[in-house]
Amino acid sequence: MEEAALFQSFFLIFSGAAIVASLALFGRQPLLVAYIALGIALGPSGFAVIDNVELLAEISSIGIIFLLFLLGLDMQPQALLSVMRKATFVGLISSAIFLGLGYGIGRLFGFTSIECWVIGMALMFSSTIIGIKLLPTTVLHHKHLGELMVGLLLFQDFVAITCLMILLGGGAETLSPMQIGLSFAALPLLVLIAWVVVKFLLLPLFTRFDRFHEYVFLLAVGWCMGLAETAEILGLSREIGAFIAGITLATSRISQYIALSLKPLRDFFLILFFFSLGAQFKLSVLPEIALAAVVTAVAVLIIKPVVFRYLLGRQSERKVLAWDIGFRLGQISEFSLLIAFLAASQELIGSAASHLIQATAILTFLVSSYIVVLNFPNPIAIKDHLRRD
């Protein structure tokens, strides 16, 4: 019976996701919003068709591990040096401003100090989906705008990883400096283990058997899961272990093949992740956080473009370019949802704070995507003069 119920849940999730994703694409909406909406509709707060939400959430957490593994695979040393040169100043100052903005809004609506800091963390990041997917391919790869966008988003990825380490090193009631310190102390040991294994075991195996694609796929998944579990044993987290597993393979010639082969598997679990987020969204909490979510979303949509415009202007960027980047980055991120999920699972924030972040993410995704689609060059523009592939 349990197997039948699980299969029925998968049938409803993926068949439903195929339908809502099609509608979202026709309506020019971000797909993850469609998955979250489907979760709300089918979960306990909606039609209650699927009730084993905790099991699905546990399964979907594997998607986060693969997401961070692939993120590590894309962290090329050359790209890191480029980020340090182009995006560090803007990234640091903007992150500090948005962290303070989130903290202030949290205080305004009576959240605890830790919840305010987590809300601030969630506001620091911008969506890769809207920032990159709505950028014309020629601009992304060949123009200064594309370089700046990628640099800023990559810098935010590093900040996000740091935030995840802080959250995953915290306790149930408070963020313990000792636990955080132990987590950071264990990090060099994990990096050393990963480097030794990659250099003396994995790379020789990949070199010798790279023509066997099934084996390469299996070895990559095993390495990701193995280092993730090692990180858990060392007191870090599986997510951090997966990220280090990816970054230690990033310079190998086979890294891009691994990234391409694992993306469908990652997407499978991420659909479950966003669905489970929606399914766990309690509509009964909405009246409690509705005003706070609207205020936070409006603040993000207005202040983020202005901050990026000002900071990029100080970097001698043209006004038009600075506004373009500001509006493209004028929302919060998929990482914000991950931060809300992890902070809630660590019992660092309550249900209201978690739902505030989720609601803000959905609102800013929707409004920001419309702003970009209607006003800036993008692949799915309604106006012909703005449509760029």
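The values are calculated or read from the model by the stated rules, or taken from the named source; none is laboratory data. Note that the coordinates shown come from a computational prediction; the quantities given were computed from them, not determined experimentally. All Cβ positions, glycine included, derive from the backbone under ideal geometry; neighbour counts span all protein chains shown.
Miscellaneous remarks
- Residues (buried (at least 20 other Cβ atoms within 10 Å of the Cβ) and over 22 Å from VAL285 (Cα atoms)) located in the range 43-62: SER60, ILE62
- Restricting the range 97-128 to residues that are of a type in the set (Phe, Trp, Tyr) and in a helix (DSSP H, G or I), the residue that is farthest from the chain's Cα centre (by Cα) is TYR103.
- Flag if GLY235 is assigned to a helix (DSSP H, G or I) and surrounded by fewer than 20 Cβ atoms within 10 Å (Cβ to Cβ): no
- Any hit, the range 297-309, residues being over 24 Å from LEU148 (Cβ atoms), surrounded by 15 or more Cβ atoms within 10 Å (Cβ to Cβ) and among the aliphatic types (A, V, I, L, M): yes
- Among residues of the range 117-144 that are of a type in the set (A, V, I, L, M), those with a Cβ under 6 angstrom from a residue that is in a helix (DSSP H, G or I) and at pLDDT below 75, sequence gap 6+ or separate chain, pair up as VAL139/LEU145; VAL139/GLY146; LEU140/GLY146.
- Residue selected from the range 167-186 under the condition within 25 Å of LEU92 (Cα to Cα) and surrounded by 17 or more Cβ atoms within 10 Å (Cβ to Cβ), by the criterion modelled with the lowest pLDDT: LEU175
- The residues listed here are ILE349, ILE357, ILE339, ILE325; of these, the one that is crowded, with 20+ Cβ neighbours inside 10 Å, of a type in the set (A, V, I, L, M, F, W, C) and not in a helix (DSSP H, G or I) is ILE349.
- Of the residues screened, LEU301 is one that is part of a helix (DSSP H, G or I), among the aliphatic types (A, V, I, L, M) and touching a residue at least 40 places away in the same chain (Cβ under 8 Å).
- Search result, residues across the range 198-225 that are within 30 Å of ILE166 (Cα to Cα), free of Cβ contacts under 8 Å to residues at least 12 places away in the same chain and within 26 Å of the chain's Cα centre (by Cα): GLY222
- Within the range 276-289, the residues that satisfy the criterion of being part of a helix (DSSP H, G or I) and surrounded by 13 or more Cβ atoms within 10 Å (Cβ to Cβ) are SER276, LEU277, GLY278, ALA279, VAL285, LEU286, GLU288, ILE289.
- Hey, GLY330 small (Gly, Ala, Ser), closer than 25 Å to GLY151 by Cα, modelled with pLDDT of 80 or more and surrounded by fewer than 22 Cβ atoms within 10 Å (Cβ to Cβ) or not: no
- Residues satisfying the stated conditions in the range 197-231, i.e. part of a loop (DSSP other than H, G, I, E, B) and surrounded by 19 or more Cβ atoms within 10 Å (Cβ to Cβ): none
- Scope the range 251-266; condition more than 22 Å from the chain's Cα centre (by Cα) and among the basic types (Lys, Arg); matching residues: ARG253
- With respect to (1) at pLDDT 75 or above; (2) under 28 Å from ALA231 (Cβ atoms); (3) not in a helix (DSSP H, G or I), the lone exception for LEU68 is condition (3).
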